[in-house]
Amino acid sequence: MKKKIVYRFFIFVLFFIVSASGMGIYAHMVAKQLPGEIYLQNNRITTLQLGLPVTAENDTQKVNLSRPAAFAADQTGSYPMQIKLFGVFDIRTVDVNVVEPDYVYPCGFQIGLYLKTDGVLAVNTQSITDIYGNEVNPCENIIRQGDYILAVNAEKVSSKGTLAEAVKKCGGTEVVFTILRNGQQFDVSVTPVMDESGNYKIGLWVKDDAQGIGTMTYIDSSGGFGALGHGISDETTAGLLTIHDGRLYKTKIVSIIKGTEGTPGEFIGTINYQEKNFLGSIRKNTVSGIFGTLDKNLAEEYELEYMQVGYSHEVEKGKAYIRMYTDNSYQDYQIEIDHISYGGQKNLTFTVKSPELLAMTNGIVQGMSGSPILQNGKFVGAVTHVFIDNPTKGYGIFAETMLKEGK
């Protein structure tokens, strides 16, 4: 009898542990499907339907979000709302922001980019054959790939040329480099080596700029812009470039390489860096895109349409459109939003459905990053990446994420 009681108790405990673990896993999965922020329009009724077995609660109300729920707000501001699974288990706190409707000009035209790094970026180190025939690597374990060299012997470095000149002038004496690494600034010392030709070198590969072609995403009423939907990284280090400044120029697309399975396509274009083609200035490079200011007259020049911003909780699976400027006019190409995620920058997964866009590009190609995504008459996101193994599929970022980063 006693053995039966112990056995039943063991089964009960095991069942309880398995159930609790399963509930914990399920709660985590549900929490990942919730937006971190919800935006309500001031003096308007906003209908939310998350389609999840959760309730939203604060001090004054409790709302079931598994079915359509109407929210009304008459005062701008922000307040927390507790989300409970099955109305019982706390799984997440969501910030509810009551705002005035936000409008921008969705764009879709291609731009030429030129960025100057903050200092000089260390890409790699290499060995040097000195005058005695020895292989020496002066920077090894001192300067790392991805470091930014800000100064040499306390003198500011702004280009590869000024760095090379500073090393040349040292006469073989120890040089102090001011380094920026992972947000931390400090000094390191390197002793240059005289190579076989009689020149002093440190065996360091560096870069001081970056350029390319992307797509303008939006322009706001004050002339601020957001573009690309993702940051600009160095191809060698894969790190986000820390920039000093940057400029935008008009570009001309001369051909399109279609994407194929395993090989992304791309826009091939020319950038004329003449002052007459200058469009605007880049002030920051972030994981959510590049941001800055430009000529307000561009909205009129490109005949842009003022459009309301759709927030993340308004985005739905199903039909949407990519807007691109082609043949001197705007074209909206149909896509299908397949999946929505509220974490990170890859918020939307979509499939290109437009026969016209498929015929032109086979789907998504490099250079389309930043193309606005429209749904239900609102600007809801931007294209960011293509699936390497399937060019008809791509990723997108929420419009609200870009606008928040750009402010």
What shape does the range 88-179 take by its C-alpha gyration tensor, where a ≥ b ≥ c are the square roots of the eigenvalues and a/c under 1.5 counts as rounded, a/b above b/c as prolate, and the rest as oblate?
-> prolate
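If contacts are Cα pairs under 8 angstrom and at least 6 residues apart, what is the relative contact order of the chain in percent?
Numbers: 1011 pairs, mean separation 61.8, N = 407.
It rounds to 15 percent for the chain.
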Considering the dipole of the range 212-301 built from charges on the beta carbon (Lys and Arg +1, Asp and Glu -1) around the Cα centre, which of Phe225, Gly259, Asn285 is farthest to its positive end?
-> Phe225
Just how large is the dipole of the range 52-160 about the Cα centre, in debye to the nearest 20, putting +1 at every Lys and Arg Cβ and -1 at every Asp and Glu Cβ?
-> 280 debye
Grab the beta carbon distance between Ile45 and Lys407, set R0 = 25 Å, and tell me the FRET efficiency rounded to 0.05.
-> 0.45
If the viscosity is 1.306 mPa s and the temperature 10 °C, what Stokes-Einstein diffusion coefficient in µm²/s follows for the range 29-159 when Rh is the Kirkwood radius over Cα pairs?
-> 77 µm²/s
Evaluate the charge dipole of the chain about its Cα centre and quote only its size in Debye, nearest 20, assuming +1 on the Cβ of each Lys and Arg and -1 on the Cβ of each Asp and Glu.
-> 1640 debye
State in Å² the accessible area per residue of the chain; use a 1.4 Å probe, count heavy atoms of protein chains only, and round to the nearest integer.
-> 51 Å²
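Given 0.36 nm per residue, what is the gain on full extension from Ser329 to Ser233 after removing their alpha carbon distance, in nm?
Working: separation 96, 0.36 × 96 = 34.56 nm, distance 3.07 nm.
Answer, rounded to one decimal: 31.5 nm.
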Note on the range 203-309: alpha-carbon gyration tensor, axes a ≥ b ≥ c; rule is a/c under 1.5 for rounded, else prolate if a/b larger than b/c, else oblate; result prolate
Which of (1) 124; (2) 243; (3) 142 is the computed volume of the Cα convex hull per residue in Å³? It is (2)
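Could you work out the local net charge near Glu405, counting Lys and Arg as +1, Asp and Glu as -1, over the other residues with Cβ closer than 12 Å to its Cβ? Don't skip to the end; give the middle numbers.
Numbers: positive: Arg283, Lys284, Lys404, Lys407; negative: Glu400.
Value of the local net charge: +3.
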Cα centroid distance between the range 299-323 and the range 62-127, in Å?
-> 16 Å
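May I ask you to give the percent of accessible area on the chain that is carbon plus sulfur, with a probe radius of 1.4 Å?
Numbers: 10450 of 20840 Å².
The C+S portion of the solvent-accessible surface of the chain is 50 percent.
Could you tell me the relative contact order of the range 135-241? Use alpha-carbon pairs under 8 Å, at least six residues apart, and round to a whole percent. Show your work: numbers first, answer last.
Numbers: 144 pairs, mean separation 24.2, N = 107.
Relative contact order here is 23 percent.
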When the Cα centres of the range 187-260 and the range 324-398 are compared, how far apart do they sit, in Å?
-> 24 Å
Global form of the range 98-147, assessed from the alpha-carbon gyration tensor, a/c cut-off 1.5 = prolate
Alpha-carbon gyration tensor eigenvalues x 5, square-rooted, for the range 353-407, Å | 22, 13, 8
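Tell me, Kirkwood radius of the range 302-383 from alpha-carbon pair distances, in Å?
On the way: mean 1/r = 0.0758 Å⁻¹.
13.2 Å is the Kirkwood radius here.
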Estimated inter-spin distance, Ser78 and Phe186, nm [label 7 Å along Cα→Cβ] | 3.4 nm
Kindly point out which whole DSSP H helices in the chain project their C-alpha atoms 27 angstrom or further along the helix axis while averaging a Kyte-Doolittle hydropathy of 1.0 or above.
-> 2-32
Normalised contact order of the range 167-325, rounded percent, pairs of Cα under 8 Å and 6 or more residues apart | 17 percent
If every Lys and Arg gets +1 and every Asp and Glu gets -1 at its Cβ, then about the Cα centre the range 319-385 yields a dipole, in debye to the nearest 20, of 180 debye
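The values are calculated or read from the model by the stated rules, or taken from the named source; none is laboratory data. Note that the structure is predicted; figures quoted are calculated from it, not measured. Cβ sites come from the backbone with ideal geometry, for glycine too, and all protein chains shown count toward neighbours. Side chains are part of the model used for accessible areas, which takes the heavy atoms of the whole protein and leaves out ligands, DNA and RNA. Shrake-Rupley method; radii C 1.70, N 1.55, O 1.52, S 1.80 Å.
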